[in-house]
Amino acid sequence: MAAIVSSASADPVFGDRIVQEARSWIGTPYCHQATTRGAGTDCLGLIRGVWRALIGPEPLSPPAYSTDWSEPSGEEILMQAAGQCLCRKPDLALSVGNVILFRMRNGAVAKHLGIVSVVAPTPRFIHAYTGYGVVESSLSGPWLRRVVAVYCFPEKVE
């Protein structure tokens, strides 16, 4: 796997570019394991598509995965993969362009991703959601309580 050279955490211009690219996916239908803007994507496919558009070739090719991810095994596969490709922030402080990882139920594995699009006055995020496709949603209390990790896209990799 390629090594991360620098993080975009301190670059608001790069954060804005991430959000601009993610917003170009809004309206893409939800399709499990797909990753094509306008045709179909899931939450991981959205992150992968933004990566390809702004950084280049993907560093990992995810294996086939079920809609329940790794719930039967309890393994944090998505969190592990995010840690290999993205720069994990030491806290849950949000910046525009951050990738957020959610645990959809208490005690379940983390299995949903989104991109922070607005921090203030009302936080918002872009994600691919079953039954809705790619949408921009309010990052309200019920969503915020589910955030388990926050990441930055790297600006470049070697």
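The values are calculated or read from the model by the stated rules, or taken from the named source; none is laboratory data. Worth saying up front: this structure is predicted, and the values here are computed from it rather than measured. Counting neighbours? That spans all protein chains shown, and the Cβs are built from the backbone with ideal geometry, glycine included.
The listed residues are Val135, Val147, Val50, and the only one of them that is at pLDDT 95 or above and under 15 Å from Gly15 (Cβ atoms) turns out to be Val50. Residue count for region 72-82, restricted to those that are in a helix (DSSP H, G or I) and touching a residue at least 12 places away in the same chain (Cβ under 8 Å): 5.
State whether the residues of region 98-115 include one that is surrounded by 21 or more Cβ atoms within 10 Å (Cβ to Cβ), not hydroxyl-bearing (Ser, Thr, Tyr) and not in a strand (DSSP E or B). Checked region 98-115: at least one residue is surrounded by 21 or more Cβ atoms within 10 Å (Cβ to Cβ), not hydroxyl-bearing (Ser, Thr, Tyr) and not in a strand (DSSP E or B). Name the residues in region 107-157 that are touching a residue at least 40 places away in the same chain (Cβ under 8 Å), farther than 15 Å from Leu86 by Cβ and of a type in the set (Lys, Arg), would you? Listed by number, the residues that qualify are Lys111, Arg146. Can you give me the number of residues within region 118-158 that are within 22 Å of Gly38 (Cα to Cα) and among the charged types (D, E, K, R)? Residues in region 118-158 being within 22 Å of Gly38 (Cα to Cα) and among the charged types (D, E, K, R): 2 in total. Only one of the numbered conditions (1) modelled with pLDDT of 95 or more; (2) in a loop (DSSP other than H, G, I, E, B); (3) among the small types (Gly, Ala, Ser) is violated by Ala128, and that is (2).
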